[in-house]
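Below: one structure, written as structure tokens.
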Amino acid sequence: MTGRRGCGSFSMQPLTLDLSSVNPSLAMPVEKAMSPDLSRVTMTKGICGGRPVIRGTRIRVMDILDMLAEGVSWDTILADFPNLNEADIAAALAYGAKATDQRIAEIA
């Protein structure tokens, strides 16, 4: 299948994914991915400099995202931070995704 987009043409090929090498401990449980509770993420002046944290803790969303980006499994994060649960990690991921979805305005 071919088509035009923007200034050029492209050819669409079927995409095949080989998931056999994916570490299952890094995957988000499906039930958590479907409806993360963003109310678990709070920002309060005077707590971690007003940065987003998991509600009722001083565990920053950025710290959770950094660990996941480094390949730390959900199980390891939960073992290292007993105050967290799977819903907290899912909320951190969802918050991170929403935080990156911002329109960039051009300044003339």
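Side notes on the structure shown:
- Net length gained if the chain between D75 and R51 were fully extended (0.36 nm per residue, minus Cα distance): 6.2 nm
- Peptide ranges 79-89, 44-54, 58-68, 94-104 listed from the most packed, as the mean C-beta count within 10 angstrom indicates: 58-68, 79-89, 44-54, 94-104
Only the coordinates and a few stated rules stand behind these numbers; no lab work does. Remember, it's a predicted structure, so these values are computed and weren't measured experimentally. Note that each Cβ is placed from the backbone with ideal geometry, even for glycine, and that neighbours are counted across all protein chains shown.
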